[in-house]
There are 2 protein chains.
Amino acid sequence: MPKIVNHNERKIKIAESTWNVIVREGLENASVRKIAAEANLSVGSLRHYFPSQSDLFLFSMELVSERVRKRIEGKNYDGPPLEMFQEALSEVLPIDEDRKIEMEVWLVFSAKTLVDRRLEELSKNVFIQIRTGIEKIINTLDSLELLKENVDQHAEVIRLHALIDGLATHHILHPNTVTNKEMILTLRYHLLSLCREV
Amino acid sequence: MPKIVNHNERKIKIAESTWNVIVREGLENASVRKIAAEANLSVGSLRHYFPSQSDLFLFSMELVSERVRKRIEGKNYDGPPLEMFQEALSEVLPIDEDRKIEMEVWLVFSAKTLVDRRLEELSKNVFIQIRTGIEKIINTLDSLELLKENVDQHAEVIRLHALIDGLATHHILHPNTVTNKEMILTLRYHLLSLCREV
DNA sequence: ATATTATTAGTACAATTGTATCAAAAAGGG
DNA sequence: CCCTTTTTGATACAATTGTACTAATAATAT
């Protein structure tokens, strides 16, 4: 039997190198050669793990969604509901350096989504997952009778979802104008605005 | 004197061809050759108007912002204030096919902004212009005593701005999940939520 | 008509691209 | 030790890239 390399671990390492190159030089300069160099591999070796650049990009984008998903699932959901919702939603915000990299990569791939069928499918799936999570949050707020009366729940789902992604995008593109703190406070402000006066 | 071509008109035509190629095949496939072909020009001829691809891309992105700006400035601002604000804000939403193309191009260039200094500057300038416009809207709502009491005006500016761009992005990336109508209705819903009960 | 000059088109070139191929290297099981 | 098979690295190749260069073209003012 030959040398054994944990296939999936290696793929993840390569995907992270892909993130680095994309963040540093942009998607259009993320050639297989640069990514291989970033991962300290030869092109041939990289190709052994990813038969094509398309596969590599798809996996790299998938890794972002997986990381976010695992973080959300790994949370302890006990405590005041509003706090919990704020925390859960913060997982799709670029609140620290790691998340910022992930969100930046996600944004870049999202743009590519418009002309790449494979990425488009992944993008849609993740979008629907987040949408479902937000629906759950609004529903739960309602069940707990925290929600203001006379709110349009469907509209609130769309609004919260758009707000989250808008805040994330703004902070990534204009971190000095929409600061980390403003991003978080605005989310909190919005959640509070949904709830009844105490 | 030689053949005279309206320089700026020609540049605009080329920039629109650039949009087409970007929408159809993506930014990474928007080579000067493809753009020249789309514009029915030779590469050498295109180069006569744009010395480099970078110049072409910058001009093409600028054209988007100029189109939007002119549309906003060209509006008649008489009528119920809320209607007017909705209309003005709708100019940065992809509410029809033309605007959809523009916003899609803007989104793609925005991603490139992260690794392109020239585009970054333009992006920031436009962002601040829109931000300023939104501040004006919130301020005016307050002056007219339409605004709910006890609202945090600074937070409302950030929130509305993020909401607009979030809605636009969602509709461009997932038009079937966030429909045109939902986008518009959600904006209206939000604006109404800012205002006092009648 | 002709001279002038913006405009156009064609070709060239070095660099980079994704992918293919194939042999060398490495390591664990017998 | 040796065989087997994964892993690696190097080279090659056709295609495409942005840009440069140069000569032909076309239209206008005199």
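Would the range A:73-94 turn up any residue that is hydrophobic (A, V, I, L, M, F, W, C) and open to solvent by 50 Å² or more (accessible area, probe 1.4 Å)?
For the range A:73-94, residues hydrophobic (A, V, I, L, M, F, W, C) and open to solvent by 50 Å² or more (accessible area, probe 1.4 Å): absent.
Among the residues that make up the range B:81-89, is at least one of them out of contact with any helix residue (DSSP H, G or I) (no Cβ under 9 Å at 6 or more places or on another chain), more than 10 Å from DNA strand D (Cβ to nearest atom), in the same structural domain as B:Thr179 (by TED's automatic domain parsing) and assigned to a loop (DSSP other than H, G, I, E, B)?
The answer is no, given that none of the residues of the range B:81-89 is out of contact with any helix residue (DSSP H, G or I) (no Cβ under 9 Å at 6 or more places or on another chain), more than 10 Å from DNA strand D (Cβ to nearest atom), in the same structural domain as B:Thr179 (by TED's automatic domain parsing) and assigned to a loop (DSSP other than H, G, I, E, B).
Can you give me the number of residues within the range B:21-41 that are without any contact (Cβ under 8 Å) to a residue 40 or more places away in the chain and farther than 13 Å from B:Gln53 by Cβ?
Looking only at that region, the number is 7.
Can you tell me which of (1) within 11 Å of another protein chain (Cβ to nearest Cβ); (2) crowded, with 18+ Cβ neighbours inside 10 Å is the one A:Arg99 doesn't meet?
(1)
So that you can scan it fast, the table gives a plain yes or no per residue for (1) under 25 Å from B:Leu185 (Cα atoms); (2) at pLDDT 95 or above:
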site: A:Asn76; (1), (2): no, no
site: A:Val92; (1), (2): yes, yes
site: A:Arg99; (1), (2): no, yes
site: A:His154; (1), (2): yes, yes
site: A:Val157; (1), (2): yes, yes
site: A:Leu173; (1), (2): no, yes
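Within the range B:26-72, work out how many residues are part of a helix (DSSP H, G or I), open to solvent by 70 Å² or more (accessible area, probe 1.4 Å) and polar (S, T, N, Q).
1
Since B:Asn6 meets every condition but one in (1) at pLDDT 95 or above; (2) within 14 Å of DNA strand D (Cβ to nearest atom); (3) not hydrophobic (A, V, I, L, M, F, W, C), which condition does it not meet?
For B:Asn6, the failing item is (1).
Checking A:Phe109 against (1) buried (at least 22 other Cβ atoms within 10 Å of the Cβ); (2) out of contact with any Phe, Trp or Tyr (no Cβ under 9 Å at 6 or more places or on another chain); (3) more than 7 Å from chain B (Cβ to nearest Cβ): exactly one of these is not met. Which one?
(2)
Considering the range B:171-189 alone, what residues qualify as being open to solvent by 10 Å² or more (accessible area, probe 1.4 Å) and either facing chain A (nearest Cβ under 7 Å) or of a type in the set (A, V, I, L, M) (or both)?
Of everything in the range B:171-189, those that are open to solvent by 10 Å² or more (accessible area, probe 1.4 Å) and either facing chain A (nearest Cβ under 7 Å) or of a type in the set (A, V, I, L, M) (or both) turn out to be B:Ile172, B:Leu173, B:His174, B:Thr177, B:Glu182, B:Ile184, B:Leu185, B:Tyr189.
Among the residues of the range A:35-55, is there at least one that is within 14 Å of DNA strand C (Cβ to nearest atom), in contact with a Leu (Cβ under 9 Å, 6 or more places away or on another chain), within 14 Å of chain B (Cβ to nearest Cβ) and among the hydrophobic types (A, V, I, L, M, F, W, C)?
no
Under 9 Å by Cβ, and 6 or more places apart or on different chains, what pairs join a residue from the range A:170-183 that is charged (D, E, K, R) with one that is open to solvent by 40 Å² or more (accessible area, probe 1.4 Å) and in a helix (DSSP H, G or I)?
Qualifying pairs under 9 Å: A:Glu182/B:His154.
For the range B:1-25, how many residues meet the condition of being more than 14 Å from chain A (Cβ to nearest Cβ) and either among the small types (Gly, Ala, Ser) or in a helix (DSSP H, G or I) (or both)?
12
The values are calculated or read from the model by the stated rules, or taken from the named source; none is laboratory data. Every value quoted in this text rests on a predicted model; they were computed, and no experiment measured them. Here the Cβ is made from the backbone with ideal geometry for all residues, glycine too, and neighbour counts use every protein chain on show. For the accessible areas, the whole protein counts, side chains as well, though only heavy atoms, and no ligand, DNA or RNA atoms are used. Shrake-Rupley method; radii C 1.70, N 1.55, O 1.52, S 1.80 Å.
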